[in-house]
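Notes for the one structure printed next.
The values are calculated or read from the model by the stated rules, or taken from the named source; none is laboratory data. The structure presented is a predicted model; accordingly, all values stated were derived computationally and were not measured. Positions of Cβ are backbone-derived with ideal geometry, glycine not excepted, and every protein chain shown enters the neighbour counts.
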Amino acid sequence: MQTIVNNIVISKPNKYVKLSRRPATLYYLRIEFSNTTLYKLGYTTTSLVERVHGRPISYNYKMVKGKRIRVRAAGHNGMGLPVGTKVYVVATLDHPNASYVYQVEQILHTRYALHRYKGEWLMENGNTELYTCDVLELDS
């Protein structure tokens, strides 16, 4: 099976087969921290707002060997951006198959690896997907 997404040939689904059953969004963001502008390339199977800001975390409890253990049921912290950070959506690409979106994301990360941000951690999640310049040349 072969699919072409934005001129990138995807030859077969990746090992994350369960992803193929749901839609996903490839996103490209400009993120302005206090004195630094970086770009983030990623994908999400939830809404982009939820990916950036997160959703409330809820917990369930279960008994393990006679002890009550708290287990995360749902929710996450999003990207964990510092207060005052500005996020701008530069581009998105929706696709019905998250497996393909994941592959496109991985190809792009490999292609632009030389431009990855290597400084201090600025976010709780997603630092490895930050770039020091507009690698996709879409931010005008």
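Here are a few things to note about the model shown:
- Yes/no for S11 being modelled with pLDDT under 85 and surrounded by 13 or more Cβ atoms within 10 Å (Cβ to Cβ): no
- Checked against the criterion of being closer than 11 Å to L26 by Cα, surrounded by fewer than 18 Cβ atoms within 10 Å (Cβ to Cβ) and at pLDDT 90 or above, the candidates L114, L93 yield just one match: L93.
- Residues that are touching a Lys or Arg at 6+ places or on another chain (Cβ under 9 Å) and within 22 Å of P96 (Cα to Cα), drawn from region 24-42: T25, Y27, Y28, L29, K40, G42
- For the criterion of being among the aliphatic types (A, V, I, L, M) and either exposed (fewer than 12 other Cβ atoms within 10 Å of the Cβ) or touching a helix residue (DSSP H, G or I) at 6+ places or on another chain (Cβ under 8 Å) (or both), V104 fails.
- Among (1) more than 15 Å from L48 (Cα to Cα); (2) touching a Lys or Arg at 6+ places or on another chain (Cβ under 7 Å) - the single one H115 does not satisfy: (2)
- Consider region 118-140 and keep the residues that are farther than 17 Å from P82 by Cα and in contact (Cβ under 8 Å) with a residue 40 or more places away in the chain. The one that is surrounded by the fewest Cβ atoms within 10 Å (Cβ to Cβ) is L138.
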